[in-house]
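> There's a structure below that I have some questions on.
The values are calculated or read from the model by the stated rules, or taken from the named source; none is laboratory data. Nothing here was measured: the structure is a model prediction, and the numbers come from that model. Every residue, glycine as well, gets a Cβ built from its backbone with ideal geometry; the counts of neighbours run over all protein chains shown.
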Amino acid sequence: MSDTLTYDLNVNGEIETITAPAEETLLTVLRERLHLTGAKRGCDQGVCGTCTVLIDGEPVRGCLTIAALCEGVEITTIEGLATPEALDIVQQSFVDTGGIQCGFCSSGMILTVSSILKSNPEAGEAEIREGISGNICRCTGYEKIIDAAVLAAQQINGAAR
Amino acid sequence: MKIHKPATLQEAAGLLAADDSAQCIAGGATLVAMMNSGVVEPSALISLANISGLNEVTKASDGSVIIGAATKHKTVAAFDSFSGAQNIVGIAAGKIAHPPIRNMGTIGGSVAVGDPAADYPTALLAAEATFEIVGPAGSRSIPADEFFDGFLSTALAEAELVQSIQLPAGPENAVAVYDKIAKIDGDIAIMSVAVVMASSGDRCDYLRVAVGGCGPTPYRVAEAEVKFINGDLDVAIELLVAASDPMSDVRGSADYRRKVLPRVLRRALITAQQMGGGE
């Protein structure tokens, strides 16, 4: 019989009080308790990257993270990226270049690209390829995703100038 | 399942001693994957996150480097004060899986699994690392070649955990080559070879070669290192291949590993020579 724990998570800037079995992963809590279904369950082994969320701005695997150990960190999911009015620059660039096909990898890809460009706005194609190397896409062949990331980088740098 | 958040290592060791099926958790990259697939069902997780000093890399005044067990791969890969032989560990850290896994996984978690194909064990053997272990009875240190004592097995006794890993200074002018063969970038190695080589003048006078993924543990062959220093590359490679005991698995057959290992060894050793390890 597992302990049921009550703890607070900071998800997309909101404090959410969770009551759940101790072993629940962040991915399960996000999807099944908070109904934030942008993060997907692919392999549940940390291999595919579809469950990617940001913790303190860095991409991690939601499926390999125990939710009850996430008190005190900032969790960002794909739902936290855009405002109700407009998509985020990275999301819009994925739409503009055709970087989304079935969509299963998109949340993880977009969050990962967003984190790469936040920590290194000058990131070129090589840094982008390395950065998304842990996210599997079975539709696009990656080229359109890299186009999207490069476009987003150009727009972020253009806006900064 | 319960979750404990001890503030000291001794407290963590006490919790481990009190519960046979409790598991320590740092990054979770391996443990939670094993929980998700039902391989382990811990009765309790002992989080190491609140134990101070466990997630730091520090350089001591004698030139050695001490890596806390809960230090993430990303931190080790980015550490910029490794010298000579120690660089093999930073290079290997940067070859572990992908950036998000390196944001999570820790050196203590990696070595405690005892996977002979993992990147750290092979590199730590070549760096002649020493493991600081804490348990209910106190602390002890174990050299890397005794720590890895079998397939998915380590010298950690019940209720013991890794506190830190110490890398001796080694030769200042050593070069480090980590040659990892994997089906795709970021996968677990089919095999890996870690070379630390130093020279005086243009002659190699120091060599450590560790082989991973070709036996139940990563291994070195001291006689092969001496043969190489004495100028006999071919015999050195033969001795290292003769000591291999590869398995067949989903990544490659034992025959494949036996066929490829001498070529990877040759490439890694020659690369180290060309980088200035000496002839």
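> In region B:137-156, what residues are of a type in the set (F, W, Y) and part of a strand (DSSP E or B)? Walk me through how you get there before you give the answer.
So the first thing to find is which residues in region B:137-156 are of a type in the set (F, W, Y), and the list is B:147-148, B:151.
Of everything in region B:137-156, just one residue is of a type in the set (F, W, Y) and part of a strand (DSSP E or B), namely B:F148.
> Sticking with this one: Does A:V53 satisfy the condition of being facing chain B (nearest Cβ under 9 Å), within 15 Å of the chain's Cα centre (by Cα) and surrounded by 15 or more Cβ atoms within 10 Å (Cβ to Cβ)? If you could, list the steps in order and put the result at the bottom.
Working: facing chain B (nearest Cβ under 9 Å): no; within 15 Å of the chain's Cα centre (by Cα): yes; surrounded by 15 or more Cβ atoms within 10 Å (Cβ to Cβ): yes.
Taking the combined requirement at face value, the residue does not satisfy it.
> Could you look through region A:11-27, keep only residues that are in contact (Cβ under 8 Å) with a residue 40 or more places away in the chain and among the hydrophobic types (A, V, I, L, M, F, W, C), and pick out the one that is farthest from the other protein chains (Cβ to nearest Cβ)? First the steps, then the outcome.
So the first thing to find is which residues in region A:11-27 are in contact (Cβ under 8 Å) with a residue 40 or more places away in the chain, and the list is A:11-13, A:18, A:20, A:22-26.
From what's left, among the hydrophobic types (A, V, I, L, M, F, W, C): A:11, A:18, A:20, A:22, A:26.
Numbers: A:V11: 18, A:I18: 13, A:A20: 11, A:A22: 5, A:L26: 10 Å.
Across region A:11-27, the extreme among qualifying residues is A:V11.
> What is the residue count in region A:53-90 for residues that are assigned to a helix (DSSP H, G or I) and over 16 Å from A:L111 (Cβ atoms)?
Start the filter on region A:53-90 by keeping residues that are assigned to a helix (DSSP H, G or I), which leaves A:62-64, A:67-69, A:78-80, A:89-90.
Right, trim to over 16 Å from A:L111 (Cβ atoms) and you get A:67-69.
Of the residues in that region, 3 qualify.
> In a strand (DSSP E or B), within 16 Å of B:C24 (Cβ to Cβ) and modelled with pLDDT of 95 or more: is that true of B:L54 in this structure?
Details: in a strand (DSSP E or B): no; within 16 Å of B:C24 (Cβ to Cβ): yes; modelled with pLDDT of 95 or more: yes.
So B:L54 fails the test.
> Does region A:94-112 hold any residues that are closer than 20 Å to A:Q155 by Cα and surrounded by fewer than 24 Cβ atoms within 10 Å (Cβ to Cβ), and which are they?
A:V95, A:D96, A:T97, A:G98, A:I100
> Taking the residues in region B:119-136 that are assigned to a helix (DSSP H, G or I) and in contact with a Pro (Cβ under 6 Å, 6 or more places away or on another chain) as candidates, determine which candidate is nearest to B:G68 (Cα to Cα). Before the answer, list the steps.
Of region B:119-136, the ones assigned to a helix (DSSP H, G or I) are B:119-126.
When the remaining residues are screened for being in contact with a Pro (Cβ under 6 Å, 6 or more places away or on another chain), the result is B:121-122, B:125.
Numbers: B:P121: 15, B:T122: 18, B:L125: 17 Å.
The qualifying residue nearest to B:G68 (Cα to Cα) is B:P121.
> Between a residue in region B:211-229 that is touching a residue at least 12 places away in the same chain (Cβ under 8 Å) and any residue that is of a type in the set (D, E), which pairs come within a Cβ distance under 6 Å, given they are 6 or more apart or on different chains?
Once the first residue is touching a residue at least 12 places away in the same chain (Cβ under 8 Å) and sits in region B:211-229, its partners that are of a type in the set (D, E) give B:G215/B:D245.
> Another one. At least 1 residues that are out of contact with any Pro (no Cβ under 8 Å at 6 or more places or on another chain), more than 14 Å from every other protein chain (Cβ to nearest Cβ) and of a type in the set (D, E) in each: list the strands (runs of 3 or more DSSP E) lying fully within region B:157-235 that qualify.
B:175-181, B:203-212
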